[in-house]
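The values are calculated or read from the model by the stated rules, or taken from the named source; none is laboratory data. These numbers were taken from a predicted model, which means no experiment stands behind them. Every residue, glycine among them, receives a Cβ derived from its backbone with ideal geometry; neighbour counts consider all protein chains shown.
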Amino acid sequence: MYRNFFKKIHIILINFLVLFIGIFSINSITNSWYSSWSNAERDVKIGNFTYDIYFNDNSATVTECDPGFWDKLFSSVTIPEKIKYEGKTYPVKKIQRSFCPDGIKKIYGNSIETIGDDAFFWNNSSLTTVSFPNATSVEDNAFKTCSNLKNVTLSKVKNVGSDAFLGCDSLENINLPQANYLGYRAFGDCLKLKTAELTQATYLGNDVFINCKELKSLKLNNATYIGADAFQNCDSLTNVEAENLVYCDSRIFRYIPNPSNFTFKVPESMKGFGLEKLENGDKIKIVYTDKKPIKATVTSENLNAKCQEIAKELSDKLGKSVNYSLFGEYYPINKSRNSQYCASRFYYWEDGNEISQYYLLMVPNVDVKIPNNTFFYDKEVHKPKVIVKDGSYTLQEGVDYNLKYDSNLVDIGQKSVTIEFMGDYSGLENRVCTFEIYNDTSDWGEVVFNDGIVNYVDEHGKTSAEITGNEIIWLKESSDGSSAWYAIDNSKGTFKAGSRFWVKWLSPEVDREEFYKYYNQLDEEVKNKVKNNNMWIFLTGVTDPDGNEYTNFDGTIDYYIQIGEDWDVGDINAVFISAGKDEILSVSYVSFPGINSQFAKISLNHFSPYAVFNTSSEQKNSNSNVRSGLTLEIQPLILLLLISSLSTIILKKPKYQST
């Protein structure tokens with residue numbers, strides 16, 4: 001009998017032991033699997049604190065505190081900055097759950113980056129001081145109903161969640177210099193809150209300051225959005241500044257106790273959004289400022305493209321997918337400007353909440369003018385005044401735009417100034433305006449149009465043409481009953497724009513004294529080669545805009561002279577007349593399609609005086625003039641091709657009938 005009894009007891013104990021071992025094993029396996037699955041170790045007790053350790057980001061979250069003797073004695077807790085677990089070091093970055101221990105008044109944590117949901121929600125009646133100087137986020141309900149909390153150090157916090165400080169009855173001042181986002185009722189029921197420093201806050205959710213009875217004024221000059229009932233039952237509040245406001249809920253002024261004593265300072269751009277029609281808006285004094293909350297500038301046809309660009313920038317910055325929606329209406333900036341606004345909302349999800357940012361897109365309409373765009377060359381720097389206007393509003397240099405001029409504002413020629421928009425107009429494409437520095441040719445003589453080419457002839461018979469650029473410059477010299485075309489090749493840019501290319505032909509009949517002055521300097525050898533007086537002496541040169549003559553120049557310059565029918569191609573000679581030995585110049589010949597004439601081409605190292613003569617003994621007529629009349633014909637199409645070609649010598653010679 002007893003044997004059976006003990007046998008039964010033995011079996012029961014063995015079964016119980018097997019069941020206990022099985023349950024323990026299953027629990028161990030489950031915990032091991034859970035830790036492996038979550039990549040974390042939960043409820044690790046180290047010293048006076050309990051942690052969750054996360055292996056994926058190598059961090060620890062403090063979840064509970066069992067204050068030690070000294071903590072209780074001084075009513076103060078300092079959270080360790082890092083802990084060691086299984087041979088590894090983990091920085092303590094977050095507070096989670098109901099952390100606050102009973103009786104503790106002060107809590108410090110230099111390494112804490114996130115104050116999690118409900119972190120101090122329970123057992124918080126004694127808490128008066130918190131200092132988390134490196135925290136960047138205060139999540140929902142973090143300090144909710146901390147009724148004795150007075151001193152808060154959160155200098156780097158950017159996001160404040162919903163109800164984060166709800167019911168902090170003793171909180172008198174809050175300073176969050178970097179806070180950007182303030183959630184729903186973030187400071188609701190802070191009955192003694194007198195001041196709030198929120199200089200960087202852009203988004204203020206609904207009821208954000210509800211029942212803040214002693215709050216008197218707010219400066220929210222970086223806010224772009226303020227939600228409904230933001231100031232509900234703020235009995236002492238009389239002034240709110242929001243000079244960058246972009247959008248606000250239509251119920252923003254609902255439940256304002258004394259709307260007639262309330263002043264709302266907003267940018268002038270808010271006029272276009274019907275601010276005066278908001279609830280209680282007819283009783284509230286609205287002060288419009290010149291502050292312009294422009295976040296982007298874009299042309300109307302590129303609104304969607306600009307929004308996509310902004311959304312991508314925000315996505316890259318936040319590491320989240322950001323979408324947008326455009327408000328379809330355009331709103332005038334004000335009566336003085338032609339530019340308009342179009343509001344847009346950019347939104348994304350964070351911790352299950354939709355976060356919105358509002359941008360004001362400026363659609364600019366500006367006009368750029370240079371009142372004086374021509375100047376005579378006077379050796380001075382010329383910077384014309386630029387006037388940029390948006391309607392009747394004149395944009396300010398250094399604020400709305402900068403000017404970038406060409407580097408050379410002295411020499412003759414076409415110049416440019418680039419208007420680089422900035423500030424409110426920074427998205428507007430740069431504008432380029434041109435102006436001209438002209439040559440004063442008033443003392444060059446009478447203007448003569450030779451088939452479209454402007455020449456000048458003075459009283460001394462000097463014929464001139466202005467060098468306008470790096471090209472071949474032509475002039476037609478006419479005297480003593482005949483004429484010819486001359487040209488100088490400035491394709492190398494040897495001569496400054498605005499220089500005067502000139503020619504004077506010397507006639508033994510008209511300019512006898514000057515002609516023989518140079519003729520007598522010719523070598524006898526040259527004189528003996530001239531047949532039938534077939535010689536042409538001419539002076540030529542280039543005078544720079546300052547009146548200085550070009551004498552010598554680097555390299556050589558190609559010079560063209562039209563030759564007449566009574567000259568024998570192949571027997572033409574050219575010399576530079578010098579007091580010593582005359583310098584013999586090589587002569588080649590140029591023919592052009594469609595031109596019934598040839599040109600002698602000589603290479604010059606310096607200017608004037610020159611003699612061109614024919615050594616042929618047979619003359620085609622007995623005319624003693626060295627130049628005879630020619631008919632120079634250029635077909636219009638061929639001339640056009642010549643002028644437009646950059647690889648061919650450009651002859652700027654019109655068709656003319658010689659005399």
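Just checking, which of 438, 425 is aromatic (Phe, Trp, Tyr), over 28 Å from residue 303 (Cβ atoms) and modelled with pLDDT under 95?
Working: 425 fails: over 28 Å from residue 303 (Cβ atoms).
It is 438.
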Residue that is at pLDDT below 95, in the same structural domain as residue 565 (by TED's automatic domain parsing) and closer than 25 Å to residue 558 by Cβ, where the choices are 478, 464: 478
Extreme residue, surrounded by the fewest Cβ atoms within 10 Å (Cβ to Cβ), among residues of the stretch 55-103 that are basic (Lys, Arg) and under 23 Å from residue 138 (Cα atoms): 82
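If you scan the stretch 118-140, which residues turn out to be in a loop (DSSP other than H, G, I, E, B) and polar (S, T, N, Q)? Full working, then the answer.
If we filter the stretch 118-140 for residues that are in a loop (DSSP other than H, G, I, E, B), which is where we start, we get 118-128, 132-136, 139-140.
Within the stretch 118-140, 123, 124, 125, 126, 128, 134, 136 qualify.
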Odd one out for residue 337, checked against (1) surrounded by fewer than 18 Cβ atoms within 10 Å (Cβ to Cβ); (2) in a loop (DSSP other than H, G, I, E, B): (1)
Those residues of the stretch 310-334 which are at pLDDT 85 or above and part of a loop (DSSP other than H, G, I, E, B), in sequence order: 319, 320, 321, 322
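One residue is enough: does the stretch 362-375 have a residue meeting the conditions under 18 Å from residue 223 (Cα atoms) and either at pLDDT below 85 or touching a Pro at 6+ places or on another chain (Cβ under 7 Å) (or both)? Spell out how you get there, then give the answer.
Of all residues in the stretch 362-375, those under 18 Å from residue 223 (Cα atoms) come to 362.
With the extra rule that they be either at pLDDT below 85 or touching a Pro at 6+ places or on another chain (Cβ under 7 Å) (or both), the set shrinks to 362.
Yes, the stretch 362-375 contains at least one residue that is under 18 Å from residue 223 (Cα atoms) and either at pLDDT below 85 or touching a Pro at 6+ places or on another chain (Cβ under 7 Å) (or both).
Quick check on the stretch 153-171. Is at least one of its residues among the basic types (Lys, Arg) and on the phi < 0 side of the Ramachandran plot? Lay out the reasoning, then the answer.
First, pick out the residues of the stretch 153-171 that are among the basic types (Lys, Arg): 156, 158.
Checking the rest, the ones that are also on the phi < 0 side of the Ramachandran plot come to 156, 158.
Yes.
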Any hit, the stretch 367-385, residues being touching a strand residue (DSSP E or B) at 6+ places or on another chain (Cβ under 6 Å), outside any strand (DSSP E or B) and within 24 Å of residue 306 (Cα to Cα): no
Residue in the stretch 296-309 that is at pLDDT 80 or above, more than 20 Å from the chain's Cα centre (by Cα) and exposed (fewer than 15 other Cβ atoms within 10 Å of the Cβ) present: no
Of all residues making up the stretch 75-117, the number that are under 16 Å from residue 54 (Cβ atoms), more than 48 Å from the chain's Cα centre (by Cα) and not in a strand (DSSP E or B): 1
Residue within the stretch 386-402 that is buried (at least 16 other Cβ atoms within 10 Å of the Cβ), over 30 Å from residue 247 (Cα atoms) and within 23 Å of the chain's Cα centre (by Cα) present: yes
Total residues in the stretch 364-397, condition touching a helix residue (DSSP H, G or I) at 6+ places or on another chain (Cβ under 9 Å) and free of Cβ contacts under 8 Å to residues at least 24 places away in the same chain: 1
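If I ask for residues that are more than 15 Å from residue 607 (Cβ to Cβ) and touching a residue at least 24 places away in the same chain (Cβ under 8 Å), which ones from the stretch 478-497 would you list? Let's see the steps before the verdict.
Let us first name the residues in the stretch 478-497 that are more than 15 Å from residue 607 (Cβ to Cβ), namely 478-485, 491-493, 496-497.
Residues satisfying the conditions are 478, 479, 480, 481, 482, 483, 484, 485, 492, 496, 497.
Results for (1) of a type in the set (A, V, I, L, M, F, W, C); (2) in a loop (DSSP other than H, G, I, E, B), shown as yes or no for each residue.
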| position | (1), (2) |
| --- | --- |
| 553 | yes, yes |
| 562 | no, no |
| 565 | no, yes |
| 580 | no, yes |
| 584 | yes, no |
| 589 | no, no |
| 601 | no, no |
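Here is a yes/no grid of residues against (1) crowded, with 17+ Cβ neighbours inside 10 Å; (2) within 26 Å of residue 169 (Cα to Cα); (3) of a type in the set (Val, Ile, Thr):
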residue	(1), (2), (3)
210	yes, yes, yes
219	yes, yes, no
229	yes, yes, no
234	yes, yes, no
237	yes, yes, no
264	yes, no, no
Residue check for residue 542: closer than 28 Å to residue 442 by Cα, surrounded by fewer than 16 Cβ atoms within 10 Å (Cβ to Cβ) and either among the β-branched types (Val, Ile, Thr) or free of Cβ contacts under 8 Å to residues at least 60 places away in the same chain (or both): no
